[in-house]
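Contents: one structure, followed by commentary.
FYI, it's all coordinate maths here, none of it is from the lab. This structure is a prediction, so every number in the text was calculated from the model and none was measured. Using ideal geometry, Cβ is built from the backbone for each residue, glycine included, and neighbour counts are taken over all protein chains shown.
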Amino acid sequence: MVGSKPTTALSRILQSITVLLTVLLTSASAQVAAKNPRLNVDDQLKKLDQQCVEAERKGDTTFLDQLFADEYQFVDIRGDILPKAQTLALIKSANREIFELLQPAEIEVHVYGNLAVINDKTTMRSESSDAVKIDSLVYFTRIFVKKSGRWRVVHEQGTVAKAPPPAG
Amino acid sequence: MALLAIAGIAIPSFGQVPSTKGGSIEEQAIDVKVQWLKAAQSHDVSFLDKLFAPEFHEVSSAGDVLTKAQVFERARSTHRVIDEIRSDVIKVRVYGNAVVLTDRTTIRYHDDKGTRFTGELTFVRVLLRRNDKWQAVAAQGTPIKE
């Protein structure tokens, strides 16, 4: 028992160091975890955004029906506001635009808790069944909201980009 | 002083961003939008500075992407005078501390080169409640074509 006092003191010091290290490591990993999910959310949303664009290009209304929230609104490049049902009907219709190219670039994601704003500059080349051709650069904003653990699109809007000044 | 109290009524002073107190969230958001348009018309950069989050960006109806600083520059300029700006067909969607507000904005302006413009735009604005104040984080305008 005589030799047990230093052992106990040493044991307590070691325990304290262990607790301290645990706290520090937990704190550090919590910070990393706090950053990583944020990065993951950005990546997750970018992927979902790409899937959305791809589904619009292909006319996959089954996917879009699940992705678009009930209150979804689409503001097309003519400034018309289309609710979800009208947007899906248009995408499904026989005279929908056939996209030769629908390529987003310069994608930016801003996450605000359960709401995210995604912007991109999309090259659109399309032709409708009545031979109306579109060949434009369009700025798109998509607003996503997380509902019951799933990201849904609540708003989509396009504005034709200003034409660059003529070269020379 | 942020507020002027006259006869018990709190009147927001110049440059004061509406707080998140009083009225429903929808009413507050519409009030913010009204003051936003007024500030754009009256070159009230002080109000816009408080309203816009640092990361604010706007896709203008002319097809430009503008940062907060660029919107300021435009708002500060007296080369362009907004004769009239108003909005209707307003829809407010509330998601917790965030609001998505769409409207039809009618604008009439002229510039010092004699150019006159009248047009209708469909606008979306994203507002967030931060520290009991409203902040705008994004906006986009699309010209309405007949």
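Checking the table A:LYS47/B:LYS133; A:LYS46/B:LYS38; A:LYS146/B:LYS145; A:LYS47/A:LYS147 against a 26 Å threshold on Cα-Cα, which pairs fail?
The pairs that break the limit, which is 26 Å between Cα atoms, are A:LYS47/B:LYS133; A:LYS46/B:LYS38; A:LYS146/B:LYS145.
Relative contact order (percent) for the range B:23-143, with alpha-carbon contacts under 8 angstrom and 6 or more residues of separation?
Taking the mean separation of contacting Cα pairs over the length of the range B:23-143, I get 26 percent.
Per residue of chain B, what 222 nm ellipticity follows from adding -39500 (n - 2.57) for every DSSP H run with n ≥ 4, rounded to the nearest 500? Kindly include the intermediate steps, with their values, before the conclusion.
On the way: 3 runs with 33 residues, N = 146.
Only helices count here, giving -7000 deg cm²/dmol.
Counting other C-beta atoms within 10 Å, and keeping those with at most 16, which DSSP coil GluC sites (Glu not before Pro) do you find in the range A:48-151?
In loop regions of the range A:48-151 (DSSP not H, G, I, E or B), there are no sparsely surrounded GluC sites (Glu not before Pro).
Calculate how large, on average over all directions, the projected area of the Cα convex hull of the range A:91-168 is; give the answer in nm² to one decimal.
If I average the Cα hull's projected area over directions, I get 7.2 nm².
Using only the Cα atoms of the range B:24-76, build the gyration tensor, take square roots of its eigenvalues as a ≥ b ≥ c, and label the shape rounded, prolate or oblate: rounded if a/c is under 1.5, else prolate if a/b is larger than b/c, else oblate.
prolate
Checking the cross-link filter: which aspartates and glutamates have an alpha carbon closer than 17 Å to that of B:LYS33, excluding same-chain neighbours under 8 positions apart?
Cross-link targets: B:ASP44, B:ASP49, B:GLU58, B:GLU84, B:ASP88, B:ASP103, B:GLU120, B:ASP132.
For the range A:89-168 and the range B:88-146, compute the distance between their C-alpha centroids and round to whole Å.
19 Å
What Kirkwood Rh does the range B:23-143 have if only Cα atoms enter the pairwise 1/r average? Answer in Å.
Kirkwood radius, the range B:23-143: 14.6 Å.
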